[in-house]
Amino acid sequence: MFIEAKNRHYPFVVVPAFWDWLVRAHEAGLVFVPEKAYDEVVAVADELAEWFKARPRSWRIAATAADQPALKALSVWVTGQSRFTAGAVSDFLSKADYYLVAQAATIGCTVVTHETPSPDSKKIVKIPDACTALGVRYMNPFKMLQVEQVRFRLST
């Protein structure tokens, strides 16, 4: 969600209120990221990485032993899907999306993603499809903002 938000819908310079709201939402216990996702974002030297680095440690959720059943179930699901190429499976299992979905299943959170389901996808394991496989709720950022009744207003 964060990369797409920064690059397309909510650039820091255009919609700083979006990023301010995320900080407040985290402080209210609503927004977190798996440590694996944090690591992927900060590995790229850009404005988003700097923004992530400025967040408190509580922003990140580390993987724990409690995540193992969900990680295993997701691994069994993805490797059992004959439609995915070996590369798609390997890529998914090595990236943060795997942890994002599994950790959301473990703690009962909703995943927010710009991705849309693609049950016929062969080369990419889409987050919504993985969420569906584990019974994890997901929504796009626009829906998240609606659900949370977020309003961005221009000051005069």
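Laboratory data are not the source of any read-out in this text; all were calculated from the coordinates shown. All values derive from a computational prediction rather than experimental measurement. Reconstructed Cβ throughout: ideal geometry from the backbone, glycine too, with neighbour counts over all protein chains shown.
Descriptive notes on the structure:
- 12 Å beta-carbon shell around S118, net charge (K/R +1, D/E -1): +1
- Taking other C-beta atoms within 10 angstrom as a stand-in for reagent exposure, C109, C131 fall in the order C109, C131, fewest first.
- Sequence-distant residues sharing a close amide H with Y138 (under 5 Å, placed H): V111
- Lys pairs under 23 Å by Cα in segment 2-147, provided they are eight or more residues apart or on distinct chains: 19
- Kirkwood estimate for the chain, i.e. one over the average of 1/r between Cα atoms, Å: 16.5
- Put simply, when 141-154, 86-99, 41-54 are sorted by average Cβ atoms within 10 angstrom per residue, most first, you get 86-99, 41-54, 141-154.
- Applying the Karplus relation 6.51 cos²θ - 1.76 cosθ + 1.60 with θ = phi - 60° to segment 148-154 yields 3J(HN,Hα) values of 7, 6, 7, 10, 9, 10, 7 Hz, where x marks Gly and Pro.
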